[in-house]
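One structure below.
The values are calculated or read from the model by the stated rules, or taken from the named source; none is laboratory data. In this text the structure is predicted, and so the values were computed from the model without any measurement. Ideal geometry is used to build each Cβ from the backbone, glycine not excepted, and the neighbour counts take in all protein chains shown. Surface areas here come from the heavy atoms of the whole protein model, side chains and all, with no ligands, DNA or RNA. Shrake-Rupley method; radii C 1.70, N 1.55, O 1.52, S 1.80 Å.
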Amino acid sequence: MTRVSMTVDGVSYTDEVEPRTLLVHHLRERLGKVGTVVGCDTSNCGACTIALDGQSVKSCSVLAVQADGSDITTVEGLARDGVLHPVQQAFHENHGLQCGFCTPGMIMAAIDLLGENPDPTESEVRHGLEGNLCRCTGYQNIVKSVQAAAKAMAPGAHASTPAPVAGE
Ligand code: FES
Ligand code: FES
């Protein structure tokens, strides 16, 4: 067992983990962060996406020991004081989900995308989210949601302040 410390959604945790433990399993099974989901066993779907020191990563492709000392944000850490993050709000308002299974990863990847490109075109959104799969093929509304979030987060827009993501 190896001792790892990390901050997840603003809370510090120190645990003993087996060296082979994937970060997604540590988050879900040890820390109870079940909002981060496992949608495949091939690192293809992106459902497990989190922000690791400000970068979106597939948490099924990282070992928990590799995250030692990191600052992590999961989908559960985005809302502040009961107010949804603008990207969460936009997914809600624009029906950016069908079964919702892919939604946590889509939202985390979209936040990273908007951090790099605050006003993406439709094709830039599609390209930016291509590592995340929606098996319901709800892509049209996901793209619409991300573009609506971009508008809501634009300087001068009347939206709630985006919650900071770890490392930013
Ligand atoms: S569960 Fe991580 S990419 Fe599918
Ligand atoms: S909403 Fe069902 S997988 Fe995307």
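Only one of the numbered conditions (1) within 17 Å of Leu129 (Cα to Cα); (2) surrounded by 15 or more Cβ atoms within 10 Å (Cβ to Cβ) is violated by Gln55, and that is (2). Among the residues of the range 110-125, count how many are touching a helix residue (DSSP H, G or I) at 6+ places or on another chain (Cβ under 7 Å) and either more than 16 Å from ligand 1 (Cβ to nearest atom) or open to solvent by 10 Å² or more (accessible area, probe 1.4 Å) (or both). The total comes to 9. Take the conditions at pLDDT 95 or above and either over 25 Å from Glu76 (Cβ atoms) or over 18 Å from the mean Cα position of the chain (by Cα) (or both) and apply them to Ala152. Does it pass? Here the answer is yes, as Ala152 does meet what is asked.
Specify which of the listed residues (Gln55, Gln98, Gln89) is closer than 26 Å to Met153 by Cα, at pLDDT below 95 and away from ligand 2 (no atom under 16 Å from the Cβ). Full working, then the answer.
Numbers: Gln98 fails: away from ligand 2 (no atom under 16 Å from the Cβ); Gln89 fails: at pLDDT below 95.
Being closer than 26 Å to Met153 by Cα, at pLDDT below 95 and away from ligand 2 (no atom under 16 Å from the Cβ) holds for just one of Gln55, Gln98, Gln89, which is Gln55.
Met153 meets the conditions (1) away from ligand 1 (no atom under 15 Å from the Cβ); (2) exposed (fewer than 14 other Cβ atoms within 10 Å of the Cβ) in every case but one. The failed one is (2). Of the residues making up the range 39-60, just one is touching a strand residue (DSSP E or B) at 6+ places or on another chain (Cβ under 9 Å), free of Cβ contacts under 8 Å to residues at least 24 places away in the same chain and near ligand 1 (Cβ under 9 Å from one of its atoms), namely Ser43.
Exactly one residue among Val24, Val62, Val38 is of a type in the set (Val, Ile, Thr), surrounded by fewer than 17 Cβ atoms within 10 Å (Cβ to Cβ) and under 15 Å from the mean Cα position of the chain (by Cα), and that residue is Val38.
Out of the range 39-89, which residues are farther than 19 Å from Gly100 by Cα and charged (D, E, K, R)? The answer is Asp53, Asp68, Asp71, Arg80, Asp81.
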